[in-house]
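Quick notes on the structure that follows.
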Amino acid sequence: MTPNYFITTPIYYVNGKPHIGHAYTTILADVLARYRRLSGHDVFFLTGLDEHGLNIQRTAYKRGVTPQQHCDEMAPRFINLWEKLHIKYDDFIRTTETRHKRVVQNILQEVNDKGDIYFDEYTGLYCVGCERFYTEKELVDGKCPQHNTPLETVADKNYFFKMSKYQQQLIDYINDNPDFIQPKHRKNEILGFLRQPLEDLCISRPKSRLNWGIELPFDKEYVTYVWFDALINYVTAPGYASDEKSFKKWWPAIHLIGKDILMTHAVYWPTMLFSAGIPQPKTIFAHGWWLSGESKMSKSLGNVINPLDLIDEYGVDPLRYYLMRGMVLGQDASFTPESFIKRYNSDLANDFGNLFSRISNLINKNFGGIIPSVENFTGDEKKVQDESEITIVRVNELINEMRINDGIEEILQFVRSINRYMEQQAPWKLVKTDKPAAERVLYTAAEALRISALLLHPVMPNRTKTVLDVLGNTNDGLIWGKLNTGTKLKDHELLFPRIKIEKPKENEPKKSKKPIVENVISYEDFEKVELKTALVSEGERVEGADRLLKLQIEIGEEKRQIVAGVAEHYSPEELVGKMIIVVANLEPVEIRGIESNGMLLAAKKGKELTLVTIDSSAVKSGMRIF
Ligand code: MSP
């Protein structure tokens with residue numbers, strides 16, 4: 001029987017255009033799905049869109065269109081991008097589809113019939129960006145820990161799901177199923193969270209506040225909370241409550257998610273499933289974030305990388321390769337154009353591309369483009385074959401362990417070893433002295449190239465297909481010796497032309513290049529920011545806030561007060577007398593009820609933070625920095 005493999009991505013909010021975060025998870029799922037297909041699995045790869053909720057309603061109204069019109073306009077953006085990125089999904093779900101609404105209402109009814117839903121009054125702090133409530137304890141400086149934005153106080157009568165009832169069952173399940181939440185540190189994070197009493201989950205919104213959602217089957221005045229609705233997509237698509245056979249075939253799924261939506265997937269979702277009597281997913285795997293250099297990408301910082309710009313600039317397959325090779329699953333990774341070009345030139349142009357060009361040039365030049373057939377192999381060729389077989393097994397193991405970056409490196413090691421084999425054997429010399437030996441070497445190298453191309457195919461479906469097409473052999477699987485001898489090589493272009501890095505000549509202004517990040521500002525914009533030197537005259541801690549200091553500063557003659565989140569790094573005493581730099585023309589804000597009139601500059605990397613200070617007696621307070 002063919003083993004089944006069901007993999008999902010999060011369904012994406014349609015309130016903005018798709019960015020690198022969306023593209024990353026979707027490519028990752030596509031790569032895993034393709035590897036499974038390659039190893040004979042029957043695969044169901046699901047992705048889609050999360051179309052309800054306050055955020056989308058607001059975005060639509062701001063644009064002057066209905067939420068449905070907005071969703072219908074946004075959906076093709078995602079679908080087209082997936083096509084461009086060669087994403088081969090099996091189903092694309094939108095939460096506004098009838099098939100999904102039916103299942104959500106069906107599950108709500110079941111959970112309600114079970115007595116797991118009650119009506120109550122509630123006041124809470126809501127982040128519209130995350131579409132969820134936060135407790136005071138979870139906030140950072142009184143703001144949303146994900147978006148760093150203020151929260152809205154929501155007070156309503158609402159329906160609640162008895163999530164707390166399933167707390168112990170969830171803890172036991174996580175402990176009994178070590179692969180349920182991955183990687184391990186994420187599992188520990190959830191177990192840590194579950195040490196505190198779990199609160200019940202508010203699962204409705206009154207229509208007076210939000211009408212863009214799925215109506216509760218037991219109260220027409222309310223719509224379903226967007227996460228309760230969205231998570232259910234994972235069972236709608238394989239056929240829950242509509243096609244039992246299909247559901248049985250595919251469920252349980254492997255959910256790929258980003259670390260920011262771990263709580264909703266590893267706490268809300270399993271407890272919902274417990275209540276509805278549906279088995280748990282096989283695995284919830286949380287990957288890290290792509291950072292722009294060192295900083296988080298966010299709309300408000302304006303440094304969100306647009307995948308389309310990258311495709312236009314570098315091509316689809318190199319982008320897929322870079323994203324898969326560059327992230328250790330579970331950790332954050334840093335995207336920079338420099339590291340992209342470096343990786344491209346070394347792995348793709350030098351190693352893989354070069355091997356391909358060398359082999360095809362030599363066969364074209366010396367054997368009329370016909371792949372030679374060989375009968376007697378020597379120990380050297382046997383070694384390449386052994387190495388190829390070991391590589392196939394190893395790559396398979398690494399992919400199973402979700403170590404995609406290591407799997408790719410394993411393939412590249414193999415490619416490098418074939419390049420070395422070519423160097424040692426020098427078939428360009430052998431053709432003059434020992435033609436059968438040259439044939440042997442070129443056959444072996446071409447077969448190793450075919451195997452490498454097949455192994456890299458899930459990561460770079462397009463360019464590896466070129467290699468396989470040129471070799472006249474696309475589908476003969478990962479078995480050594482299947483290369484089609486006697487085939488005439490097809491013509492082809494350079495697979496990965498080197499990216500030239502032009503160094504600007506001295507005194508010559510750099511050529512302006514289309515920026516790949518969107519955070520470029522004009523000089524006029526920069527000029528609006530007033531940076532000034534300021535002397536700290538007094539400081540004290542803010543009661544009840546571990547991170548905050550209240551500082552009195554002097555900007556020339558002017559005295560001001562600022563509240564700064566540096567208390568974990570500096571005591572008030574350490575700061576008094578220091579000359580710092582502040583943004584002096586920021587609108588005053590209230591932090592914890594204390595007025596803050598400016599912001600200081602600090603340098604930050606990971607958890608380390610150092611204030612930008614000036615250590616020169618020539619600098620007085622109130623001077624403009626420009
Ligand atoms: N709609 C919800 C998911 C519901 S699933 C039942 C949602 N959507 S989202 O569009 O905001 O985000 C989707 C995914 O993008 C998340 O997994 C998130 O981690 C991921 N990414 C967003 N920015 C990212 C990076 N910079 N890097 C990698 N992935 C990140 O949340």
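The values are calculated or read from the model by the stated rules, or taken from the named source; none is laboratory data. Computed from a predicted model, the values in this text were never measured in an experiment. Counting neighbours? That spans all protein chains shown, and the Cβs are built from the backbone with ideal geometry, glycine included. Keep in mind that these areas ignore ligands, DNA and RNA; they rest on the heavy atoms of the full protein, side chains included. Shrake-Rupley method; radii C 1.70, N 1.55, O 1.52, S 1.80 Å.
Summary table below
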item: Farthest positive-ward along the chain dipole, Cα basis, beta-carbon charges - from HIS100, MET579, GLN552; result: HIS100
item: Virtual spin-label span in nm between VAL65 and LYS559, 7 Å along Cα→Cβ; result: 5.5 nm
item: Gained length - LYS365 relative to SER616, 0.36 nm times residue gap less alpha-carbon distance; result: 83.4 nm
item: Relative contact order (%) - criterion: Cα under 8 Å, at least six apart; region: segment 96-216; result: 26 percent
item: Nearest-0.05 FRET efficiency for ARG209 and MET599, computed from C-beta distance (R0 35 Å); result: 0.55
item: Neighbourhood charge, 11 Å Cβ-Cβ cut-off, centred on LEU398 and excluding it, Lys, Arg +1 and Asp, Glu -1; result: -3
item: Accessible area per residue in Å² at 1.4 Å probe, computed on the chain; result: 48 Å²
item: Calculated P(r) of segment 338-471 - Cα pairs past 19 Å, %; result: 50 percent
item: Percent RCO, i.e. relative contact order, over the chain, from Cα pairs under 8 Å lying at least 6 residues apart; result: 11 percent
item: For segment 297-443: relative contact order, % (alpha-carbon pairs under 8 angstrom, 6 or more apart); result: 29 percent
item: Simple Cβ-charge dipole of segment 338-471, Lys/Arg +1 and Asp/Glu -1, about Cα centre, in debye nearest 20; result: 540 debye
item: Selection from VAL226, GLY330, TYR118 lying farthest towards where the dipole of the chain points positive, charges on Cβ; result: GLY330
item: Counting DSSP beta bridges with both ends in the chain, the antiparallel % (nearest 5); result: 70 percent
item: ³J(HN,Hα) computed for each position of segment 238-251 - Karplus, 6.51 cos²θ - 1.76 cosθ + 1.60, integer Hz, glycine/proline x; result: x, x, 4, 6, 9, 9, 4, 5, 5, 4, 5, 5, 9, 5
item: Pairwise centroid distance, computed over Cα atoms, of segment 209-274 with segment 528-606, Å; result: 45 Å
item: Kyte-Doolittle at least 0.0, axis length at least 24 Å by Cα - qualifying DSSP helices, the chain; result: 20-38, 435-456
item: Computed Rg/Rh of the chain, alpha carbon atoms with Kirkwood Rh; result: 1.03
item: Net charge dipole size for segment 523-625 [Lys, Arg +1 and Asp, Glu -1 on Cβ; Debye, nearest 20]; result: 220 debye
item: Protein accessible area in segment 382-468, 1.4 Å probe - carbon and sulfur %; result: 48 percent
item: Segment 1-135, dipole about Cα centre (Lys/Arg Cβ +1, Asp/Glu Cβ -1), debye to the nearest 20; result: 560 debye
item: Inter-label distance for ASP179 and LYS17, nm, one decimal - labels placed 7 Å from Cα along Cα-to-Cβ; result: 4.0 nm
item: Spatial extent of segment 159-281: Rg and Dmax, with the Cα atoms as the point set, Å; result: 15.2, 44
item: Amide H partners (placed H, <5 Å) of THR487, local residues excluded; result: ILE371
item: Per-residue [θ]222 nm for the chain (sum of -39500 (n - 2.57) over DSSP H runs n ≥ 4, rounded to 500); result: -11500 deg cm²/dmol
item: Violating pairs (Cα-Cα greater than 18 angstrom) within the set LYS162/LYS249; LYS578/LYS620; LYS143/LYS605; result: LYS162/LYS249; LYS143/LYS605
item: Three-way shape label, segment 227-381, alpha-carbon gyration tensor, a/c 1.5; result: oblate
item: Paired Rg and Dmax values of segment 309-384, which use every Cα atom, in angstrom; result: 18.0, 51
item: For the chain, with +1 on Lys and Arg beta carbons and -1 on Asp and Glu, the positive-most of THR391, PRO10, HIS22 along the dipole; result: THR391
item: Unpaired by the 4.7 Å Cβ criterion, cysteines found in the chain; result: CYS71, CYS202
item: Cα gyration tensor shape of segment 1-43, rounded if a/c is under 1.5, else prolate or oblate by comparing a/b with b/c; result: prolate
item: Surface share of carbon and sulfur [accessible, 1.4 angstrom probe, percent] for segment 173-316; result: 50 percent
item: Rh by Kirkwood over Cα pairs, then Stokes-Einstein D for segment 523-625 at 1.567 mPa s and 4 °C, µm²/s; result: 93 µm²/s
item: Of all accessible heavy-atom area on segment 1-104, the percent that carbon and sulfur account for (1.4 Å); result: 50 percent
item: In nm, spacing of pseudo-spin labels at ASN396 and TYR122 (7 Å Cα→C-beta vector); result: 4.8 nm
